[in-house]
Each structure stands twice: as C-alpha cells, then as structure tokens.
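The values are calculated or read from the model by the stated rules, or taken from the named source; none is laboratory data. Here the structure is a predicted model, which is why all the values come from computation and not from measurement. Cβ placement follows ideal geometry from the backbone for every residue including glycine, while neighbour counts extend to all protein chains displayed. For the accessible areas, the whole protein counts, side chains as well, though only heavy atoms, and no ligand, DNA or RNA atoms are used. Shrake-Rupley method; radii C 1.70, N 1.55, O 1.52, S 1.80 Å.
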Amino acid sequence: MNFSYSKDEKLKSRKTIEALFTEGKSVGVYPLRLFYIELPETEKSPFKTAVSVSKKNFKLAVHRNQIKRLLRETYRLNKAILFENSAKKYALLILYVGKEMPEFHSLNKTTKTAFEKFLQQTKN
C-alpha cells in the first residue's frame, strides 16, 4: 500500500464539494464528521478527499492549518482501511467540529473509527 497523499486523491472540485454538503450523507464520530458522496467510475482514484476546519471554532489560521495538517496525516496513514474494503469510488470531506486543539494520537484513533463506520454504512 502506497502511503502517499497524491494529487489524484485530493478533492478540489467546487461542484463536488458543494454536492457533498447538499446531497451527501455523513458519518459522525466526535470531533470528526465525514461527508461522502459516490463518484462516477471514470475517476482515477477510488477516493478523493478534502479536509476542513470551522473558522467559527478556530479564529486563527495558524490553528486551522495545524489541524488540517493533522487530518491529512491521519488520512494518509489510515487510507489503507478504505482502499482495501471498498469497491466503489467516493468523494470524502473530513470536517473537524471540535472546539479544542486535538492531539495526533486521539485524532488518529477517531479517524480509524470514522472510516470503519463509513465502510459499515456504505455496505448496507
């Protein structure tokens, strides 16, 4: 398994991000909320992922950027869970909804739980 976070895996499309919030389904494991929507089969990567942190909860860009770096790192380390257990292609948005600065280890554990919950919900 390649543990990189390549350009093909990054979600950049504004239309898709908007669709995630309007039509997408979500899975919540505090302090994360994972929005997802199915992608067409023509996509290269099985998962396109973006991360976001609320400006309302974290006024300073430094803190938002730090949390986003942590979220990207936890995705990069745990994406094997998604790639090995899902046959369909999805767009994901990982939203941090907590109000305090997270620690890497707790965020990593929460990300694993969110991914497992996502896989469980998509199999049904």
M101 fails exactly one of the following numbered conditions: (1) at pLDDT 95 or above; (2) over 14 Å from the mean Cα position of the chain (by Cα); (3) assigned to a helix (DSSP H, G or I). What is the number of that condition?
-> (3)
Please find, within segment 104-124, the residue that is most open to solvent (accessible area, probe 1.4 Å) out of those that are out of contact with any helix residue (DSSP H, G or I) (no Cβ under 7 Å at 6 or more places or on another chain) and among the polar types (S, T, N, Q).
-> N124
Out of the residues in segment 111-124 that are farther than 17 Å from A50 by Cα and among the polar types (S, T, N, Q), state the one that is modelled with the lowest pLDDT.
-> N124
Looking at segment 7-52, which of the residues that are of a type in the set (V, I, T) and open to solvent by 60 Å² or more (accessible area, probe 1.4 Å) is modelled with the lowest pLDDT?
-> T42
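Condition first: surrounded by 13 or more Cβ atoms within 10 Å (Cβ to Cβ) and over 16 Å from I17 (Cβ atoms). Now tell me which residues in segment 53-71 satisfy that. Outline the logic, then answer.
Let us first name the residues in segment 53-71 that are surrounded by 13 or more Cβ atoms within 10 Å (Cβ to Cβ), namely 53-54, 57-58, 63-64, 66-68, 70-71.
Those that are surrounded by 13 or more Cβ atoms within 10 Å (Cβ to Cβ) and over 16 Å from I17 (Cβ atoms): N57, F58, H63, R64, Q66, I67, L70.
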Residues of segment 80-103 that turn out to be without any contact (Cβ under 8 Å) to a residue 60 or more places away in the chain and either within 16 Å of S45 (Cβ to Cβ) or open to solvent by less than 60 Å² (accessible area, probe 1.4 Å) (or both), as a count | 8
